[in-house]
Every structure is written in C-alpha cells, then in structure tokens.
Ligand code: NAP
C-alpha cells in the first residue's frame, strides 16, 4: 500500500505521512458501516439528532485547532478556516432540527382514488453511501454530505482527497466521538485507483463526488456499470455580470471577494467577469487595483487575504492557463506568478483581459486567483458569453433594473443565480449544477432526499 502525505503549501514542508489502509481495513470499515445501519434506524430522529448536535458541539469546541489544521494542510487563510468549521457545525444543527420534517412523506387526501384505504409516501435510507471529496473545503465538503446522510439514517464512508489526510482522519473519528454507532461514518485512507472497487462493493448503495470532471466521468461510469445512484458536484467557471445601473463599487468589492475566497480555489468562485461596455473601463481599473492590493502571504497570519494554492500541480495548471492566454495575445493587467514568494505554492491575484476563444482560459476553469474580464455590448451579449460554456454551477448578476434582473433569473443557465451578491452555499438552500458541472443536489430539503428511497405505500 502507498503512503499519503500532508504537506504545508505555504512552505512545501511535510507535516505528516500516513500509510494507506490495507484491503483488510477497508473490508472491516465497510462491514462496520453496514452493521451500523440497524442501530442508526433504531435511534430514530431524536437519537440521531442528539448525536448530530453533539458532533456540532465538538466542532465548535475545537474550532481553533481544526481551523489551524485546515490552514496548515491546504493553505486557506485562518479566518476562512474558522468560518468553514462554524458553518459546518451550523449545518449539523440545521439537519438535526429539520431532517424529520424534510423526510416526512405525504398521505393522500383521497385514497379512494387509488382504491386504497390509505396511501402515500415515505423516505427510507438507502444504506452505506460512499463520499469522494476534494481538499478545498476539507471539513465543510464532507459535513454537507455527512450531516444529511446520517440524519436520514444512512451510514457513510469517506474517501477524502489525498492531500488532506489529517482532516480525513479527524472526520473519520468525529461522529463516533459524538455518539454515533461505531462504523456509522468512517474514513478510508485510499488512493483514487481503489475507489471503483468500493463503488462495486455490494454493501455500498450509492456514491457522491465533489471534484473534477475527470473524476466525475470515472465515478459515474463505474456507478452506471453497477446501476448505483450517483450525485456529482463538479467544476464551474461562474459568470459575474455587471450592468450599468449596478452599484459599481459594491460590485467591485464583491467581485474581488468572490474571485479570491479560498485562495481562488472554490467551485463557485466567480471566474468570468462580464461587464457592460459603458462601465467596463471604470470596473476593470477598480477591480484590478483592488486585486493587486490584496495581502498575499502566510495563511496563519490573520491579516492575510490570499494564501498559497493547495498543491504544486494546481499552481502549475493555473500558470499554464495564464501563460497560454498571454502567448495568444491576452493582456495580464495585474499579477505575476509567484510574486515575491520564494517557497510555497503562491500565485499572485491576476486579472486577464482581451480573451479570445482560442485561449484555454476562455473555456477552462482556472482553479486559483485568476479573473477573466469580458466586455459586453449589451445584456444579450453578456448572457450569451455567460451561457457559452459547458459549465452551469453558480452565477451572479448585478443590476438595479427589474426587467434585466427578470431576464437574468430566467435565462442564466446555472444551478444558482445570485442578484447583486455572490454565489454562496447555505445549508438552507439547495446546491448543485447543470451541464458539465454535474447533477443532483446537496443541502436543504432537496439534498437530504438524494440518498433516500422515496417509497410509495398503498394499503387495501
Ligand atoms: P479531483 O482531482 O477530482 O479530486 C476530488 C476527489 O476525487 C479526491 O478525493 C480525489 O482523490 C478523487 N479522484 C480523483 N480522480 C478520481 C478518479 N478517477 N476516480 C475516483 N476518484 C478520483 O478534484 P480537485 O482538483 O482536487 O478539486 C477541484 C475540482 O473540484 C474543481 O474542478 C472544483 O470546481 C471542483 N469542486 C466542485 C465543487 C462543487 O460543489 N460543485 C466543490 C468543490 C470543488 P485523490 O486526491 O486521491 O486524487
């Protein structure tokens, strides 16, 4: 079996090394997950909610240590790591409070219409669910799966990204510490090559992935082969449209935040800024000035606004995308990689204009603090640029004109549209994409129902 490394991206130094789980350990964890299902069911809504609230308590009590672990392991500024942990705890309480209501089936008012004395629906758990998760929100991405899945009565096994093993191990112990039955939620320390075998295991009922398109294709193919349900949360290149009636300064501030949150490595970071020609010059100058004034540095320093990229390969990919655009004639109006940093995988916030369709940056997701700015002659052209890609995750639209807002809400092809704001995930709202950004939904009522059997019940 191979080894899994935790490396500090701000310095490139190794923090810890772990052995991958041997096959026997994976077998034991799958068996324990399956064995935990009856106990999860017997606990009922109240029992599971009590365990879930206890898990939230633990996260809140340990917020400082968990936040530092996240920051050291993947480079997120420390304030954002703390916010991630607290949001995860909030989401646990949200599902502890609401799961029963979300999963209460309905009863037909007129069962005679279907020749029954009573008829309706109920939601049953599917069983053991495999979650394949990314490193960019190492606690939040997992909790937004685990909280609804466990509250529904499912068990979970986690295959986390290989560069966040400390977060993976912490999560693998958290739910048991909170009182959930042993094995109800476990971390498999395995590489991606071993994921297909887990999906094929008869004890695994379904799989959810948050990650890249490549991983999505591979996991969906295996799940399809064995006819198991899959939910895919994949990449995006979200548009952020700014029209002349918008509050430009507020739009600029939000644009910078939306492009650089999580060091520019969120699926729902705004990545393409599509600006009406009447305000293009003003917006672009202000936006570039603000991007260039961000504090880039040690992510454990509370003053830091942008830390390093999480991996060396991630920085290489971003560098290649920007270099390809530059060589094909784009203007890099601010930003040079890696700035003044001699070690670590830093990438300076960068703004690119003058993009053409020949450039990879036009169509591909830049997973780092790189903003592409487009000039649009009118709303039609802005929407056409926004919808011109095969992604459809989030979107933002800035205007104070009601007719424009109506059109944007109806016509933007994405899983979410945020008006005069930025795309954010909330426990209270469904989250997911269309087109190559994936399928299925997480969070809210819709998310908890994804891994349930909607059973029709008919009584003579
Ligand atoms: P990634 O390489 O796809 O990794 C994500 C997870 O999938 C990791 O656990 C990885 O394991 C595993 N994996 C990779 N290839 C696999 C394969 N062929 N079969 C099975 N498992 C596989 O993604 P990333 O580059 O780390 O993450 C960034 C991507 O995730 C971006 O595209 C981003 O937009 C997307 N994302 C989407 C959302 C959303 O909600 N839509 C949220 C966050 C991120 P290893 O680490 O062991 O390779």
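Bear in mind that the values in this text are calculations on the coordinates, not laboratory data. Predicted model, so just to flag it, every value in this text is computed and none were measured. Cβ sites come from the backbone with ideal geometry, for glycine too, and all protein chains shown count toward neighbours.
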Next item on the list: Measure nothing fancy, just the Cα-based angle from helix 213-225's long axis to the longest principal axis of the chain, in degrees from 0 to 90, nearest 10.
Entry: 30
Note to self: If neighbour count is taken as other Cβ atoms inside 10 Å, put 137, 439 in order from fewest to most.
What the structure shows: 439, 137
Margin query: If I model a spin label as a point 7 Å beyond the Cα along the Cα-Cβ vector, how far apart are those points for residue 403 and residue 197 in nm?
Written below: 6.3
Next item on the list: Work the Kirkwood hydrodynamic radius out for segment 238-419: mean of 1/r over every pair of different alpha-carbon atoms, inverted, in Å.
Entry: 16.4
Checklist line | Over the chain: helical MRE at 222 nm, DSSP H runs n ≥ 4 each giving -39500 (n - 2.57), nearest 500 | finding: -13500 deg cm²/dmol
Check: Give me the log10 of I(q) over I(0) for the chain at q = 0.11 Å⁻¹, as the Debye formula computes it from C-alpha points; what are the numbers?
Finding: -0.89
Notebook entry, point to check: Label point 7 Å out from residue 289 along Cα-to-Cβ: which residues of segment 255-279 have amide N under 18 Å?
Noted result: 255-257, 279
Item checked: Hypothetical label at residue 177: residues of segment 28-55 whose amide nitrogen lies under 15 Å (7 Å Cα-Cβ projection) -> 52-55
Item checked: Exposure proxy ranking, count of Cβ atoms within 10 Å, fewest first, for 356, 304, 208 -> 356, 304, 208
Margin query: Cut-off is 10 Å between beta-carbons; in what order do 76, 328 appear when sorted fewest neighbours first?
Written below: 328, 76
Next item on the list: Could you work out how far the C-alpha centroid of segment 226-257 sits from that of segment 388-407, in angstrom?
Entry: 9
Next item on the list: Using 0.36 nm per residue of separation minus the Cα-Cα distance, give me the extension gain between residue 426 and residue 411 in nm, one decimal.
Entry: 3.1 nm
Next item on the list: Report, to the nearest 10°, how far helix 165-177 tilts away from the longest principal axis of the Cα atoms in the chain, using its own Cα long axis and a range of 0 to 90°.
Entry: 40
Next item on the list: Treating the angle as unsigned and between 0 and 90°, give the value, to the nearest 10°, between the Cα long axis of helix 277-292 and the longest Cα principal axis of the chain.
Entry: 80
